[in-house]
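Inspection log for the structure reproduced underneath, given as structure tokens.
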Amino acid sequence: MRSRNVYLLIFILALFGFALWSVIPLDRTVFGREGLRLGLDLAGGSYLVYQADLSDVESGTEGQVMDGVKGVIERRINALGITEPIIQVQNQEGNYNIAIQLPGVADVERAKEMVGLFTVLEFREQDETGNWTIATGIVDDDELPLTSRYFKDETYITISQTTAEALLIFEMDEKGAQLFRQISTRLMGKQLAIFLGDEPLRGEDGQIIAPTVQAVIEDSGQITGLGLADAQELSRVLNAGRIDVPLGRWADGEFEPSVPLYERTVDATLGQDSIEKSILAAGIGIVLLLVFMILYYRLPGLMACLSLAVYGAVLLSIFKLWPTGAITLTLPGLAGFIVSLGMAVDANVLIFERMKEELRGGRSLGAAVEAGFSRAWPAIRDSNITTFIACIVLIWLGGTLGAFMVRGFAVTLLIGVALSMFTAIVVTKTFLRLLVGSKVITNPAAYGVTPSQTVRNVK
Amino acid sequence: MMDFVGRKQWFFLISWILIIIGIVSLIISQIQIESPLRLGTDFTGGTSMILQFSPPVEQSQLRDEMAELGHAEATIQNAGDGNFIIHTREVTRDEAGELAGQIGAELDSQVEIADYYFVSGTVAARTTRNAVIAVIIAAVAMMFYIVWAFRRMPKPFRWGSCAVIAVVHNVFIIVGIFSLLGWIAGVEIDALFITGLLAVVGYSINNTVVVFDRIRENVSRHISPDFAETVNNSLIDTLGRCINTALTTLFVLLALLLFGGATIQYFVLVLLLGVIIGTYSSVCIAGQLLVVWERREWRALLPFAKRTT
């Protein structure tokens, strides 16, 4: 029994040590994770959601088209110098959405303008001064720019049998063929670049993708000399550019371009202010809580505080090291943390109250500790079930666009409550067992029971 | 020894007063703003934003100015420190910037849009629908849990019903308070309100389960032939736990409410009220209901019934 507790203590200390190591300092990179992921209410930034108008898109290909649109938007936003945007395609009840998260201080207005643009790509040629200008041709007496709109089918990649190079194969429709013939004849031996808005497409090496025209192109052609990854990305973006996919929102059956379905933009200074205030508030609250626990429950209270320290460190560590981006710290999440802290204390309180009763009943310290834990366990277990139910339902609700802040609270509370059961049952118990077993402190007063109370017996 | 059961009619009276205030408030609110609770942007759609004024301006000035600029229907909440939370119809970010600029110029104050929130009607409708579904699912799941948790109690249906009544009572009081805040102070309920409500429902069920568990234990130990006395002893046994748990959570929540900034203050308020009322109903209502049912003293429930001692 004794040796088992020593092993448990070693395990707890190792866990605590690991947790501390991983979170101090918080912004040190551990296992590829750097700092806590802060939600936009704390970090500042924008969350924009647009619906896609897919009425021109062949049914069945929506998913692919949306992937292309995503790639196009990624490029545009990266071109603005905004770091680490998160862009996701969501399918909600048959409607495709593009969700864009722009962290920190971001030029939201500019980003929105860029997103609102169509996804069509243009081909450009270099004039004498080296500037890229739109490559145009004449079709039916109209001067038209050569764009990705004239691709007849999806572009695709094959690997050349002879050179093992990636080839990007494309086919032009009737107008496109006429345009391309004129332009490729004129630009023989010169470069043709592909532009998205005013930004040229670039390869992985950062160089502008500008293949040299080597033959007159009409119905079809191929682009060579690209790395496989670049070729695939280019193909994806070109395919997205074949069809106009306006972004905006549906309202009463009408499509309103450029109007977001949902937008939340938080000023970074407000976020910073919220962080500072919350840390101050949580700090004050936690200190009061610890003082109360020690004053009221004495030695077990101190043990509980130590186990709460383990709890806090492990929880922070989970937050930091959680593999996917599922856990971001938000203000409601902070409230969830605090409620779960309350639950963690609750488990300890339940145990200590039982323990006190057993001590008053005249039991020995060791027996009181054991009885306290075994009798409090059903109540701790049962009492957390409703919280789990609430959390699971809330995580589902948090999947709704307008309620995404809810998820931060629910996830934090769920993890916190699960962890709190562990700290109360394993950590506090081990601490107390070892303390009682070591017979260093045997005075019942240290356990919050005055001698006169111990004389009183149960009815 | 404290007599919680003997004073039950006082507790019932307090609860009745709170509930009646809530009902009256819901009715007044329905008449005044055509909704029993003031619904926030999450549920109605539109735009809401936090405007920061330096130097601070008066709420009435801001209201007049908003009306002047065609936003007479806007809800304005004072969040302190020159911050106002404004909820109005759909306004794009550009328009919001212009609006803020005009208000600032008129009121001679520097304005900053600290938090801009735009929700389309379709999203709001879906959020509302999903929030209703979430509440129903949670309620059904918790009912199942209560049936399960009370399976070892002497009279599962009766005990379960008393626990449910206590929880519904808590929800009613919190909703009533927010209805009151809604038409008096312009406080709106949002998705986080529902979240807080479900969390505190979980919390109050926990409390009641702990108390009832002790009553069950004491009944089986035959500590007293009188059921009322058994209940009272059980309440006293669990009082320390109930109060200490509540206090430790309240310390932190209170600190967060007082120092934590405007963004989530009403969410924290829901949690705070939930913890207080949940503890109150576990100690002063749920067990007493069992006694009333056991003795069939239904008249004791009525607010102005003659007190029996």
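At a glance:
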read-out: Charge dipole magnitude, Cβ of K and R +1, D and E -1 - the protein assembly as shown, Cα centre, debye nearest 20; value: 7000 debye
read-out: Folded to 0 to 90 degrees: helix A:268-321 orientation relative to chain A principal axis, Cα; value: 20 degrees
read-out: ³J(HN,Hα) computed for each position of the range B:158-167 - Karplus, 6.51 cos²θ - 1.76 cosθ + 1.60, integer Hz, glycine/proline x; value: 4, 5, x, 4, 4, 5, 5, 4, 4, 5
read-out: Out-of-range pairs (alpha-carbon distance over 29 Å; input A:LYS320/A:LYS356; A:LYS70/A:LYS190; A:LYS70/A:LYS152; A:LYS320/A:LYS429); value: A:LYS320/A:LYS356; A:LYS70/A:LYS190
read-out: Furthest towards positive pole of dipole, A:GLN126, A:ALA376, A:ALA403, structure part chain A, Cβ charges; value: A:ALA376
read-out: Nonlocal amide H pairs with A:ASP219, under 5 Å, H built at 1.01 Å; value: none
read-out: Residue-wise HN-Hα coupling along the range B:127-143, computed from phi with Karplus coefficients 6.51, -1.76, 1.60 (Hz; x: Gly, Pro); value: 4, 4, 4, 5, 5, 5, 4, 4, 5, 5, 4, 4, 4, 5, 4, 5, 4
read-out: Under DSSP loop assignment and at most 10 Cβ neighbours within 10 Å, longest GluC sites (Glu not before Pro)-free interval of chain A; value: A:205-459
read-out: Compactness index (Cα Rg / 2.2 N^0.38 Å), chain B; value: 1.19
read-out: Cα centroid separation - the range A:221-245 against the range B:138-168, whole Å; value: 61 Å
read-out: Square roots of five times the Cα gyration tensor eigenvalues for the range A:1-103, Å; value: 45, 19, 11
read-out: Lys, Arg +1 and Asp, Glu -1 on Cβ, resulting dipole of the range B:46-118 about Cα centre, debye, nearest 20; value: 200 debye
read-out: Cubic angstrom per residue, convex hull over Cα atoms of the range A:307-448; value: 102 Å³
read-out: For chain B: relative contact order, % (alpha-carbon pairs under 8 angstrom, 6 or more apart); value: 26 percent
read-out: C-alpha long axis of helix A:62-79 to longest principal axis of chain A, angle in °; value: 90 degrees
read-out: Acute angle (nearest 10 degrees) that the helix B:93-107 long axis makes with the longest principal axis of chain B, alpha-carbon atoms; value: 80 degrees
read-out: In Hz, Karplus ³J(HN,Hα) per residue of the range A:86-100 (6.51, -1.76, 1.60; θ = phi - 60°; x = Gly, Pro); value: 10, 10, 10, 9, 10, 10, 10, 6, x, 9, 8, 10, 10, 10, 10
read-out: Relative counts (whole %) of C-alpha pair distances in chain A, using bins that are 20 Å wide; value: 20, 37, 24, 14, 4, 0
read-out: Relative contact order of chain A, defined on C-alpha pairs under 8 angstrom at six or more residues apart (%); value: 19 percent
read-out: Of every Cα-Cα pair in the range A:86-224, the percent that sits beyond 28 Å; value: 30 percent
read-out: Positive-end residue of A:THR330, A:GLY253, A:VAL310, charge dipole of the range A:242-369 with Cβ unit charges; value: A:VAL310
read-out: Cβ neighbours within 10 Å from other chains - mean over B:46-59; value: 1
read-out: Ratio Rg/Rh [Cα only; Rh per Kirkwood] for the range B:46-118; value: 0.90
read-out: Assigned charges on the beta-carbon of Lys, Arg, Asp, Glu; chain B dipole about Cα centre (debye); value: 2500 debye
read-out: Kirkwood-type radius of the protein assembly as shown, with distances r between different C-alpha atoms, in Å; value: 29.9 Å
read-out: Contact order relative to length of the range B:46-118, as percent, for alpha carbon pairs under 8 angstrom and 6 or more apart; value: 50 percent
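No lab work stands behind these numbers, since they all come straight from the coordinates. Computed from a predicted model, the values in this text were never measured in an experiment. We place every Cβ from the backbone using ideal geometry, glycine too, and count neighbours over all the protein chains shown.
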